[in-house]
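All remarks here apply to the structure that follows.
Only the coordinates and a few stated rules stand behind these numbers; no lab work does. Computed from a predicted structure; not experimentally measured. Virtual Cβ from ideal backbone geometry, glycine too; neighbours counted across all protein chains shown.
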Amino acid sequence: MQKDNLVYVSSGKAKDIYENSNGTLIFEFTDRVTAFDGKKKSECNEKGEITCKVAEYWFKILEKNGIPTHYIECPTSTSMIVKRLDIVPVEVIWRNYAAGSLLRRYEAGDIILPEGVEPKEGSPIPGGMIEFTTKFEAVDRPVSIDEILSNSWLSKEEVDYITDLTKRINEIMAQELATSGIILADFKVEYGRTSDGEIILADEAGTPDGCRFWMKNDFEKGIITSLDKDVFRKDTGDLTLAYRELFNKLQRTNM
Ligand code: ADP
Ligand code: UDP
């Protein structure tokens, strides 16, 4: 990507951000991979390209289904132009199955699980559940709706709106993935405000960096096969192969 006429803004854990002369942002998806709040780090061949293409794939589907997003276009295979937003200071997690930090917090005695949910990876969560975590603290921390409201991070109406959008995103993605034989176990999304105050979907959506994807045929045999960043978190295989397999499965049924 030609960067001469761009202004460098910042680098996150996975993406470098530049500003265009017209005020839009350009994300450069890199091969960097991190886990456990950045404590585990590596580089993974092709990851930038695959996550960019998967994010583009989902933004187009979500837009088509009426979800407002910041996506504009992908000028190269690793870069994406988006509307610049004022990012909402909470991250939003949707869970269809028990995994990850939900189980860690249960095991530490910090939370009780929703009614009917077994304390085991892969246990279904009837109706799903939403959680919020901090966005701009050193380590992401789960926050209650009361804390979000008392800090004026969002209004009650905005919490309801974001909850509704996230639920719809879950339905759209889970339905699409089912046609590819993939279960959407959980995911994280971020939202931002436009200059008009509208809240729209930001960052990246539906990528293996921010979702847990499980192979349905294995899951039915009681085996969890991940096509997402858990391969890196748990050191269970080749991350590039897992990400490539996810992308190929999405493409096969939908492109
Ligand atoms: P992180 O280190 O926060 O995980 P990334 O490497 O993914 O981040 O970099 C992307 C950063 O850009 C994130 O901090 C995200 O909140 C922010 N961001 C995402 N979309 C927008 C947007 N439309 N406008 C401004 N900032 C954004
Ligand atoms: N997630 C993410 N970024 C974060 C935290 C979580 O993309 O900073 C995603 C994660 O990949 C998973 C979902 O959100 O798909 C739920 O993550 P969880 O809270 O279980 O935490 P983790 O096990 O990833 O630490």
## Note on the structure
Extension length gain for residue 137 and residue 76 (0.36 nm per residue less Cα distance), in nm, is 18.7 nm
#### Entry: Long-range amide H partners of residue 143 with built H, under 5 Å
132, 133, 134
### Per DSSP, loop chymotrypsin sites (Phe, Trp or Tyr not before Pro) in the range 99-185 with at most 16 further Cβ within 10 Å
136
### Query
the range 1-100: which chymotrypsin sites (Phe, Trp or Tyr not before Pro) are DSSP loop and have at most 11 other beta-carbon atoms within 10 angstrom?
36
### Task
For a footprinting-style exposure proxy, rank 74, 52 by other Cβ within 10 Å, fewest first.
74, 52
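Pairwise over distinct Cα atoms, reciprocal of the mean inverse distance: report the Kirkwood radius of the range 1-59 in Å, one decimal place.
On the way: mean 1/r = 0.0799 Å⁻¹.
The Cα-based Kirkwood calculation yields 12.5 Å.
Can you tell me how the range 110-194 classifies by the Cα gyration tensor, rounded, prolate or oblate, using a/c under 1.5 as the rounded cut? Numbers along the way, then the final one.
Values: a/c = 2.01, a/b = 1.37, b/c = 1.47.
Here the range 110-194 falls in the oblate category.
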## Note on the structure
Whole-number value, in Å³ per residue, for the convex hull of the alpha carbons of the range 84-147 is 118 Å³
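Please order 69, 236 by the number of other Cβ within 10 Å, starting at the fewest. If you can, show how the numbers build up before the last one.
On the way: 69 21, 236 13.
Ranking 69, 236 by Cβ neighbours within 10 Å, fewest first, gives 236, 69.
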### Query
If the label point is 7 Å along Cα→Cβ of residue 11, which residues in the range 22-47 have backbone nitrogen under 12 Å from it?
30-33
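Translational diffusion coefficient of the chain at 20 °C, 1.002 mPa s, Stokes-Einstein with Kirkwood Rh over Cα pairs, in µm²/s as a whole number.
Working: Rh = 18.9 Å.
D = 113 µm²/s.
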### Message
Taking θ = phi - 60°, what integer Hz values does the Karplus form 6.51 cos²θ - 1.76 cosθ + 1.60 yield along the range 116-127, in sequence order, with x for Gly and Pro?
### Response
x, 9, 6, x, 8, 4, x, 6, x, 10, x, x
### Query
Where a Cα-Cα gap under 19 Å defines reach, which lysines qualify for residue 221, not counting those fewer than 8 residues away within the same chain?
120
### Of 49, 121, 137, the one that fluctuates the most in a GNM where the chain has Cα springs shorter than 10 Å
137
#### Entry: Relative contact order computed over the chain (Cα-Cα under 8 Å; 6+ residues apart), in percent
17 percent
### Query
HN-Hα J couplings of the range 147-158 from phi, Karplus 6.51/-1.76/1.60, θ = phi - 60°, integer Hz, Gly and Pro as x?
5, 4, 6, 5, 8, 6, 6, 8, 7, 4, 5, 5
### Query
Which percent of Cα-Cα pairs in the range 122-172 sits in each 10 Å bin, short to long?
21, 46, 29, 3
### Task
Considering the convex hull of the alpha carbon atoms of the range 155-216, report its projected area averaged over all viewing directions, in nm², one decimal.
4.5 nm²
### Query
Which value, in debye to the nearest 20, describes the size of the charge dipole of the range 119-255 about its Cα centre when Lys and Arg Cβ atoms bear +1, Asp and Glu Cβ atoms bear -1, and nothing else is charged?
560 debye
### Task
Report the paramagnetic label zone for residue 157: residues of the range 189-213 whose backbone N is under 12 Å from a point 7 Å from Cα along the Cα-to-Cβ axis.
198-199
### Task
Describe numerically, in nm with one decimal, the distance between label points set 7 Å from Cα along Cα→Cβ at residue 198 and at residue 236.
4.0 nm
### Task
Per residue of the range 79-96, in order, report the coupling 6.51 cos²θ - 1.76 cosθ + 1.60 (Karplus, θ = phi - 60°) as ³J(HN,Hα) in whole Hz, putting x for Gly and Pro.
10, 9, 8, 9, 6, 6, 10, 9, 5, 5, x, 10, 9, 10, 10, 10, 10, 9
